[in-house]
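The values are calculated or read from the model by the stated rules, or taken from the named source; none is laboratory data. Quick caveat: nothing in here was measured; it's all calculated off a predicted structure. Glycine also receives a Cβ, built like all others from the backbone with ideal geometry; neighbour counts cover every protein chain displayed.
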Amino acid sequence: MKRFLISLVMAALCGYAVAKEAAPTAEDVVVEKRMVAISEELRCLVCQNESLAGSQADLAKDLRREIREQIAKGRSDQEILDFMVGRYGDFVRYRPPLKGTTFLLWFGPFVLLVVGVIALVVILRRRGRRVAPAAALSAEELQKAEALLRLAEKDKP
Amino acid sequence: MNKFLLPLGIFIVLVAFLAIGLNLNPREVPSPLIGKPAPAFELPQLHKPDATFAPKDMQGKVWLLNVWASWCVSCRQEHPLLVELAKSGIVPIYGLNYKDPRDDALRWLKQFGDPYVLSIVDAEGRIGIDYGVYGVPETYVIDKAGVIRFKQIGPVTQDALEKAILPLVKELQK
């Protein structure tokens, strides 16, 4: 009985402890949403195929803290992105800016597409020319063909 | 013959691209800080927490800033090279102790040797962010005017030291 009472009290305390956790204020939610939106645009440099938003690397946590603090300071999204690019380079952005060094990255695929389409058209045209145009059938040949087709029809089970 | 020339040409170009791509290290992200003034800071020293160090104290000297931590495994790999370099007296090495408990850092230096003129403590990694540190160890070569000239990402190797860092240091010291 004593044991039961103790566990009951403990269970009650447990619930109390959970209830004590601070509820996020409205402002926190807004900051958090902006932080996630910004960090989804950024690559985590430690684990390069994860975004800063999803990474559990230490550096990613620090950078998220940095973004939160900068939001609190009233910096704009663009200013925060610039802050990151200034330190880690264009590579941190999943959508790198359009400039000389990234030109191939942005337009390379389209260039390949255009080259492919041109090659396709050229090849198809060449092949079309190589196939001899069918000569028109004479009346006699037409009759012969029709007779053969009729024969074939009859043979069908 | 002519028929195979074009596909062969395309194939060779493709192989060349892939060969270059395979030999690049994706972890080495070029730093935008090269050619820019080293970000300012003023941090407490590891051995003398009351004293601080700032990059502007080094005006007029070429120096290395080596980011290290006791928890960093590759730091052990480069450490003997740094100790040797420090003994040669060619260039002063300053340590940035990155996100490391002080006791651990001090013990680590006692165990492996201390190549640093002094180490500064970046407990929260904030200065690391300013320097674009994303993987310890990293080493910066900073010139007399306080401009970052080179960044070694990952451990300093004998090769990097002989081919890149030391020639650059000598050039900058002129």
When residues of region B:135-145 are limited to those that are hydrophobic (A, V, I, L, M, F, W, C) and touching a strand residue (DSSP E or B) at 6+ places or on another chain (Cβ under 6 Å), the one surrounded by the most Cβ atoms within 10 Å (Cβ to Cβ): B:V136
Residue satisfying condition, being of a type outside the set (F, W, Y) and under 26 Å from A:E27 (Cβ atoms), within set A:A119, A:A136, A:A53: A:A53
Filter pass, A:F110 being more than 30 Å from B:K99 (Cβ to Cβ), aromatic (F, W, Y) and surrounded by 10 or more Cβ atoms within 10 Å (Cβ to Cβ): no
Qualifying residues in region B:116-131 (those that are within 20 Å of B:L85 (Cβ to Cβ) and not aromatic (F, W, Y)) - the one nearest to the other protein chains (Cβ to nearest Cβ): B:I120
Criterion violated by B:I148 - all others in (1) more than 10 Å from the chain's Cα centre (by Cα); (2) over 22 Å from B:G60 (Cα atoms); (3) buried (at least 21 other Cβ atoms within 10 Å of the Cβ) satisfied: (2)
Criterion: at pLDDT below 90 and touching a strand residue (DSSP E or B) at 6+ places or on another chain (Cβ under 9 Å) - qualifying residue of B:N2, B:N25: B:N25
Residue match in region B:71-89 (condition: surrounded by fewer than 11 Cβ atoms within 10 Å (Cβ to Cβ) and hydroxyl-bearing (S, T, Y)): yes
Some residue of region A:88-99 being among the small types (G, A, S) and part of a helix (DSSP H, G or I): no
Residue list for region A:56-69, restricted to those being within 11 Å of chain B (Cβ to nearest Cβ) and more than 10 Å from A:V31 (Cα to Cα): A:A57, A:D58, A:L59, A:A60, A:K61, A:D62, A:L63, A:R65, A:E66
Considering residues of region B:146-169 that are touching a residue at least 60 places away in the same chain (Cβ under 8 Å) and more than 23 Å from A:L45 (Cα to Cα) only, the residue nearest to the other protein chains (Cβ to nearest Cβ): B:V147
Single residue of A:L148, A:L52, A:L59, A:L142 found to be of a type in the set (A, V, I, L, M), surrounded by 11 or more Cβ atoms within 10 Å (Cβ to Cβ) and over 37 Å from the mean Cα position of the chain (by Cα): A:L142
Inter-residue pairs, beta-carbon under 6 Å, first touching a residue at least 40 places away in the same chain (Cβ under 8 Å) and in region A:63-89, second in a helix (DSSP H, G or I) and surrounded by 18 or more Cβ atoms within 10 Å (Cβ to Cβ), 6+ apart: A:D77/A:I38; A:I80/A:I38; A:I80/A:I67; A:I80/A:Q70; A:M84/A:V92
Identity of the residue in region A:70-82, more than 14 Å from chain B (Cβ to nearest Cβ) and among the acidic types (D, E), that ends up surrounded by the fewest Cβ atoms within 10 Å (Cβ to Cβ): A:E79
Criterion violated by B:I12 - all others in (1) within 19 Å of the chain's Cα centre (by Cα); (2) away from chain A (no Cβ under 13 Å) satisfied: (1)
Residue in region B:95-115 that is touching a residue at least 60 places away in the same chain (Cβ under 8 Å), within 14 Å of chain A (Cβ to nearest Cβ) and within 21 Å of B:D50 (Cα to Cα) present: no
Filter result for B:V62 (modelled with pLDDT of 95 or more, in contact with an Asp or Glu (Cβ under 7 Å, 6 or more places away or on another chain) and surrounded by fewer than 22 Cβ atoms within 10 Å (Cβ to Cβ)): yes
Residues (more than 18 Å from A:V46 (Cα to Cα), within 13 Å of chain B (Cβ to nearest Cβ) and either out of contact with any helix residue (DSSP H, G or I) (no Cβ under 9 Å at 6 or more places or on another chain) or polar (S, T, N, Q) (or both)) located in region A:85-101: A:T101
